[in-house]
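The values are calculated or read from the model by the stated rules, or taken from the named source; none is laboratory data. Bear in mind that the values here come from a model prediction, so they are computed numbers and not experimental data. Using ideal geometry, Cβ is built from the backbone for each residue, glycine included, and neighbour counts are taken over all protein chains shown.
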Protein chains: 2
Amino acid sequence: MNVEFINPFLSATIGVLKTMAFTEVTAGKPFLKNDKISRGDVSGVVGITGPPNGSMSLTFSKECIMEIVSNMLGETFQEVTDDIKDAVGELSNMISGTARNDLGNKGYSFKTSIPTVVSGPGHEIRHMCKAPTIAIPFNTKAGPFVVEISFENGTPTKG
Amino acid sequence: MNVEFINPFLSATIGVLKTMAFTEVTAGKPFLKNDKISRGDVSGVVGITGPPNGSMSLTFSKECIMEIVSNMLGETFQEVTDDIKDAVGELSNMISGTARNDLGNKGYSFKTSIPTVVSGPGHEIRHMCKAPTIAIPFNTKAGPFVVEISFENGTPTKG
């Protein structure tokens, strides 16, 4: 696993949640997973094109995302509303864009798509790449969430 | 709505399902929808990068996708298994790739990401574009499914 490539996603997530959502998150140790699956209640999915092509997802439990968006919008949520789904799209866009720019400065060049937001209790997100997915676990006061990045040929090289 | 741009997605869906899954599908009339939401049990999501950036989704009911993948793999399914999810990834990849190549020949240039497959009863897929989503409804013996395409600035122009 290429740490130089993973760290921009990690710091973009911490930075965007702090700046946009006034939420302090702590990152756990990134790891490779072979099952390429995450489960949650609300997810943001962003397509990546290079080469290599790939995908990125942010997957939250209901409790975790309600707390984050409550901080972000300054109102309390009791359920997953359209405002919460829009906020997940916004956060996905900003995190993928920040990581992409940071990686561009380091010599890794790729593009990111418009986000798609998935909602539904206990849904499963499956990245369709052959290589293992890189998972970055995060923790908040309202519980954990995960950022996953998957590339068709594993961790990209510069170019 | 630019029909020259929509038709390749429509014919790619019919062609790929016929060739890969031995399933005859009929297309309804494509339409613009402002809510940018589809609901189903299994979806394939593909990111699009241009400019313009966008996203594409295929959303199936459980009954519809079990029938399609039964035809495709020659075995009967009683539930949504990993084989079905993998098949949705494969179909999403082939449909987006076929449409992309066809549009490339017509002068529309964009890239498509690796698919992400979403599963979970009654989940919602929300395209995070400002412009309306283009929905193409399809029908099969086992019920309807929908292909949605969304671009940040509406239907793309050549370039």
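Points worth noting:
So that you can scan it fast, the table gives a plain yes or no per residue for (1) aromatic (Phe, Trp, Tyr); (2) in contact with a Phe, Trp or Tyr (Cβ under 6 Å, 6 or more places away or on another chain); (3) within 8 Å of chain A (Cβ to nearest Cβ); (4) within 23 Å of B:Val3 (Cβ to Cβ):
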position	(1), (2), (3), (4)
B:Gly54	no, yes, yes, yes
B:Glu75	no, no, no, no
B:Gly89	no, no, yes, no
B:Asn101	no, no, no, yes
B:Tyr108	yes, no, no, yes
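- Residue in the range A:137-145 that is more than 9 Å from chain B (Cβ to nearest Cβ), in contact with a Gly (Cβ under 8 Å, 6 or more places away or on another chain), crowded, with 24+ Cβ neighbours inside 10 Å and not acidic (Asp, Glu) present: yes
- Elements of type strands (runs of 3 or more DSSP E) contained in the range B:7-125, each with 3 or more residues being surrounded by fewer than 19 Cβ atoms within 10 Å (Cβ to Cβ) and of a type outside the set (Lys, Arg): none
- Boolean, B:Asp82 is at the interface with another protein chain (Cβ under 9 Å from one of its Cβ atoms) and more than 17 Å from the chain's Cα centre (by Cα): yes
- If you go through the range A:115-152 and keep only what is in contact (Cβ under 8 Å) with a residue 40 or more places away in the chain and aliphatic (A, V, I, L, M), you end up with A:Val117, A:Val118, A:Ile125, A:Met128, A:Ile134, A:Ala135, A:Ile136, A:Ala142, A:Val146, A:Val147, A:Ile149.
- Test for B:Ser119: is it at the interface with another protein chain (Cβ under 8 Å from one of its Cβ atoms), within 17 Å of B:Ser38 (Cβ to Cβ) and of a type in the set (S, T, N, Q): yes
- A:Ser43 meets each of the listed conditions (1) over 15 Å from B:Val45 (Cα atoms); (2) within 9 Å of another protein chain (Cβ to nearest Cβ) apart from (1).
- Some residue of the range B:87-99 being in contact (Cβ under 8 Å) with a residue 24 or more places away in the chain, of a type in the set (A, V, I, L, M) and touching an Asp or Glu at 6+ places or on another chain (Cβ under 7 Å): no
- Scan of the range B:132-153 for residues that are touching a Lys or Arg at 6+ places or on another chain (Cβ under 7 Å), in a strand (DSSP E or B) and at pLDDT below 95, ordered by number: B:Thr133, B:Ser150, B:Glu152
- Residue in the range B:28-41 that is in contact (Cβ under 8 Å) with a residue 24 or more places away in the chain, within 21 Å of B:Gly97 (Cβ to Cβ) and among the aliphatic types (A, V, I, L, M) present: no
- When restricted to residues that are hydroxyl-bearing (Ser, Thr, Tyr), within 14 Å of B:Thr13 (Cβ to Cβ) and more than 12 Å from every other protein chain (Cβ to nearest Cβ), the range B:56-73 contains 0.
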